[in-house]
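Participant: A single structure is presented below for examination.
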Amino acid sequence: MKKVIYTLCLAGFLCGCGTTKKQVEQQPIVNIQFNADSAYQFCAAQCDFGPRTMNSEAHERCAQWISQKFQQYGYTVELQKADLKGYDGTILKSTNIIASSQPSTPNSQLPKVLICAHWDSRPWADNDPDSANWRKPVMAANDGASGVAVMLELARLIQQHDSLNVAVDFICFDAEDWGIPQWDETGDGTDSWALGAQYWAKKYQEKSLHSQPSTLNYQYAILLDMVGGQGAKFYQEGYSKQKAGRIVEKIWRAAHAAGYGSTFPMQESGFVTDDHVPVNDIANIPCVDIINHYPDCPQSSFGPTWHTVNDDMQHIDKNTLQAVGQTLLQVLYNE
């Protein structure tokens, strides 16, 4: 996916979140173990369909597979379909996959948390070092499949360990990566990204105006984006800090408690255009973007495989999937 860094903070600047060693030590350690092997297989299964570009057969088949997996783990699935217009006028047959948790009791009033990721593939490898690849589709093992894979493994574990004090819903956003390619100079294309998330957020806002807060509203949301790359680190994204600072503290504190402090440094990166922007600005849900950041990568701060033909399973790291998945378990089971 294309991400626009509006402001880049110094990578070595410690955030002022006030997290102390004592705070981390006081957090109970969750003994449920995230299974990175399982998440890796979920990632590979999506890639087996081929690039999940908009309007393709692979896209439709993968949507059915994702839906069936969530249903297998006890979730009610809604396919939110919409015809969305791409930056170039192309009508995109979009499907947001919404997996809603089943309450343990009919009158359950548990607070709700939303975990989300995009599942579509970028149709152009426009950041590839070889210009001959710029119009080839991206396999999107990391930039798409990895976030969905972590969510599916979380759903599987939640079904097995039904002791949460929150209800967890999942959304796979579509049409995130149809943003204007770098080789097209017709405009900046800022609004051409995250189309599925924009659509969902508008519909959510409309429903919120006519629903009781306890039946619809989410306490917070977490977006997973590129969470399986080799050597990835997850800095605190600027927009997340601005809009959902308390949740940023919660997540990074959990990562350190779970033993993944080196993967989640207490440092800031920059402001990123991603699905969390409409979730924050339109749906008014505090949403944090967990997204990889490579401050020393010359090709892109999103890593060497971002929007290239090399975003494939050979560059997915189970250690990264483990760090992100275990951190989320630490967050959710400490609520």
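This table checks each residue for (1) farther than 24 Å from Ile316 by Cα; (2) in contact with a helix residue (DSSP H, G or I) (Cβ under 9 Å, 6 or more places away or on another chain); (3) open to solvent by 20 Å² or more (accessible area, probe 1.4 Å); (4) of a type outside the set (S, T, N, Q).
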residue: Cys43; (1), (2), (3), (4): no, yes, no, yes
residue: Pro51; (1), (2), (3), (4): no, yes, yes, yes
residue: Arg61; (1), (2), (3), (4): no, no, yes, yes
residue: Lys69; (1), (2), (3), (4): no, yes, yes, yes
residue: Thr76; (1), (2), (3), (4): yes, yes, yes, no
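Participant: Spot the failing condition for Ala244; the list is (1) open to solvent by 20 Å² or more (accessible area, probe 1.4 Å); (2) under 22 Å from Glu335 (Cβ atoms); (3) among the aliphatic types (A, V, I, L, M), and only one is missed.
Facilitator: Ala244 satisfies all of (1) open to solvent by 20 Å² or more (accessible area, probe 1.4 Å); (2) under 22 Å from Glu335 (Cβ atoms); (3) among the aliphatic types (A, V, I, L, M) except (1).
Participant: With respect to Gln236, is the statement that it is in contact with a Lys or Arg (Cβ under 8 Å, 6 or more places away or on another chain) and modelled with pLDDT of 95 or more true?
Facilitator: no
Participant: Looking at Phe264, Phe271, which one is aromatic (Phe, Trp, Tyr) and under 25 Å from Leu154 (Cβ atoms)?
Facilitator: Phe264 is the lone residue from the list that is aromatic (Phe, Trp, Tyr) and under 25 Å from Leu154 (Cβ atoms).
Participant: Can I ask one more? Thr263 - would you say it is surrounded by fewer than 24 Cβ atoms within 10 Å (Cβ to Cβ), among the polar types (S, T, N, Q), modelled with pLDDT of 95 or more and out of contact with any strand residue (DSSP E or B) (no Cβ under 7 Å at 6 or more places or on another chain)? Full working, then the answer.
Facilitator: Details: surrounded by fewer than 24 Cβ atoms within 10 Å (Cβ to Cβ): yes; among the polar types (S, T, N, Q): yes; modelled with pLDDT of 95 or more: yes; out of contact with any strand residue (DSSP E or B) (no Cβ under 7 Å at 6 or more places or on another chain): yes.
Spelling it out, Thr263 is indeed surrounded by fewer than 24 Cβ atoms within 10 Å (Cβ to Cβ), among the polar types (S, T, N, Q), modelled with pLDDT of 95 or more and out of contact with any strand residue (DSSP E or B) (no Cβ under 7 Å at 6 or more places or on another chain).
Participant: Could you tell me whether Ala63 is in a strand (DSSP E or B), out of contact with any His (no Cβ under 8 Å at 6 or more places or on another chain) and touching a residue at least 12 places away in the same chain (Cβ under 8 Å)?
Facilitator: Taking the combined requirement at face value, the residue does not satisfy it.
Participant: In the list Asp225, Asp169, which residue meets the criterion of being crowded, with 23+ Cβ neighbours inside 10 Å, under 30 Å from Ile91 (Cβ atoms) and touching a strand residue (DSSP E or B) at 6+ places or on another chain (Cβ under 8 Å)?
Facilitator: Asp225
Participant: Moving on. Working carefully through the options Tyr239, Tyr260, Tyr235, find the one that is closer than 27 Å to Glu206 by Cα and among the aromatic types (Phe, Trp, Tyr).
Facilitator: On the way: Tyr260 fails: closer than 27 Å to Glu206 by Cα; Tyr235 fails: closer than 27 Å to Glu206 by Cα.
The unique qualifying residue is Tyr239.
Participant: When both residues are 6+ apart or on different chains and their Cβ atoms are under 6 Å apart, which pairs have a first residue that lies in the range 226-242 and is on the phi > 0 side of the Ramachandran plot, and a second that is in a loop (DSSP other than H, G, I, E, B)?
Facilitator: Met226/Asn292
Participant: When you check Lys207 against the structure, is it open to solvent by 60 Å² or more (accessible area, probe 1.4 Å), free of Cβ contacts under 8 Å to residues at least 24 places away in the same chain and charged (D, E, K, R), yes or no?
Facilitator: In short, yes.
The values are calculated or read from the model by the stated rules, or taken from the named source; none is laboratory data. These numbers were taken from a predicted model, which means no experiment stands behind them. A quick note on method: Cβ atoms are made from the backbone with ideal geometry, for glycine too, and the neighbour counts reach across all protein chains shown. Just so you know, the surface numbers come from the protein's heavy atoms only, side chains and all, with ligands and any DNA or RNA stripped out. Shrake-Rupley method; radii C 1.70, N 1.55, O 1.52, S 1.80 Å.
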